[in-house]
Amino acid sequence: MSPGTPQVLISASILNADFGRLDRVVHKLERAGVDRIHLDVMDGHFVDNITFGADVVAAVRRLTRLPLDVHLMISEPARYIERFIAADAQTIAFHVEAPESDARKDAALRAIRAAGQGAGLAVSPGTPVQALAERAADLDLILVMTVEPGWGGQGFMADMAPKIGQARALLAAAGRGGLVHADGGVNHRTAEVVGRHGIDVCVVGSALFQRGRDASEEVEAVRDGVLRGRRARATAPRQG
Ligand code: DX5
Ligand code: ZN
């Protein structure tokens, strides 16, 4: 990769991993060359699935020096935010659709940033990126869901890809320089699509836990796919 080429960052989701062997899982991902670890927290209320809480985030923190991205799919992010902040991740993102008051959501974003961690908001497929406009200046990242939140191994929703460019424009207009993450169904087949829309961070889950396929092969193939997409984007005739 030539110097100056923005990195393709891979954040590995462990949702489909063996929770009984987190140490082995995390070390396998380190060897596979991922850049970050993505931790899906679900409360069985905001989504129809239950995963883990702040204690598991803290346990993963003790296992690796890789940056951790916490993805909160819970109905009351502000209520639990201090516990996740204490788990010492690099970024915490919660859903703009969470049924908490605007004041509590704003306070949660401020608390994350006051702790020196990156604050983010996630948008589900049914929510336009514009729903984040008022808070863009308070965001270090936007998580664009390319599947309905709740499960790993779902099919990639290509019609969500244009939201990546919209999220970049929102962060750029707010002068924040934040990063856009795409989450759900991203793998070596779909990486080029998110690359074409200017993705910064690819969240990759089940594709890294395929029997008989080395995770490092998938990591490299996703990077290559994103770079192909970026090249296509760079050489595409300008619209309008
Ligand atoms: C889904 C989660 C994703 C998921 C990604 O609700 O937010 O992070 O684990 O896994 P794949 O890559 O299998 O879609
Ligand atoms: Zn996620």
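What to note about this one:
- When residues of region 169-199 are limited to those that are part of a loop (DSSP other than H, G, I, E, B) and within 16 Å of ligand 1 (Cβ to nearest atom), the one most open to solvent (accessible area, probe 1.4 Å): Arg189
- Considering (1) away from ligand 1 (no atom under 14 Å from the Cβ); (2) open to solvent by less than 10 Å² (accessible area, probe 1.4 Å); (3) touching a residue at least 40 places away in the same chain (Cβ under 8 Å), the lone condition that Gln90 does not fulfil carries the number (2).
- Residue selected from region 200-240 under the condition in contact with a strand residue (DSSP E or B) (Cβ under 9 Å, 6 or more places away or on another chain) and part of a loop (DSSP other than H, G, I, E, B), by the criterion nearest to ligand 2 (Cβ to nearest atom): Gly205
- The set of residues in region 200-217 that are open to solvent by less than 50 Å² (accessible area, probe 1.4 Å) and either touching a Phe, Trp or Tyr at 6+ places or on another chain (Cβ under 8 Å) or small (Gly, Ala, Ser) (or both) comprises Gly205, Ser206, Ala207, Ala215, Ser216.
- Matching entry among Val186, Val180, Val194, Val203 (being in contact with a Lys or Arg (Cβ under 8 Å, 6 or more places away or on another chain) and among the β-branched types (Val, Ile, Thr)): Val180
- Single match in Thr127, Thr146 (criterion: touching a strand residue (DSSP E or B) at 6+ places or on another chain (Cβ under 6 Å) and under 20 Å from Leu171 (Cα atoms)): Thr146
- Qualifying residue in region 99-110 (condition: within 16 Å of ligand 2 (Cβ to nearest atom) and either among the aliphatic types (A, V, I, L, M) or without any contact (Cβ under 8 Å) to a residue 24 or more places away in the chain (or both)): no
Residue by residue, here is whether (1) in contact (Cβ under 8 Å) with a residue 60 or more places away in the chain; (2) over 13 Å from Arg223 (Cα atoms) holds:
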site: Gln166; (1), (2): no, yes
site: Gly177; (1), (2): no, yes
site: Val186; (1), (2): no, no
site: Ala191; (1), (2): no, no
site: Val203; (1), (2): yes, no
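- Count - residues of region 143-164 that are touching a residue at least 40 places away in the same chain (Cβ under 8 Å) and either away from ligand 1 (no atom under 14 Å from the Cβ) or of a type outside the set (Val, Ile, Thr) (or both): 7
- Residue list for region 126-159, filter: assigned to a loop (DSSP other than H, G, I, E, B), within 20 Å of Leu179 (Cβ to Cβ), open to solvent by less than 60 Å² (accessible area, probe 1.4 Å) and more than 13 Å from ligand 2 (Cβ to nearest atom): Thr127, Leu139, Asp140, Phe156
- Count of region 43-87 residues, restricted to those that are under 15 Å from the mean Cα position of the chain (by Cα) and open to solvent by 10 Å² or more (accessible area, probe 1.4 Å), is 2.
The values are calculated or read from the model by the stated rules, or taken from the named source; none is laboratory data. Please read these numbers as outputs of a predicted model, since none were measured by experiment. With ideal geometry, Cβ positions are generated from the backbone for all residues, glycine too; neighbour counts draw on all protein chains shown. Heavy atoms of the whole protein, side chains included, go into the accessibility calculation; ligands, DNA and RNA do not. Shrake-Rupley method; radii C 1.70, N 1.55, O 1.52, S 1.80 Å.
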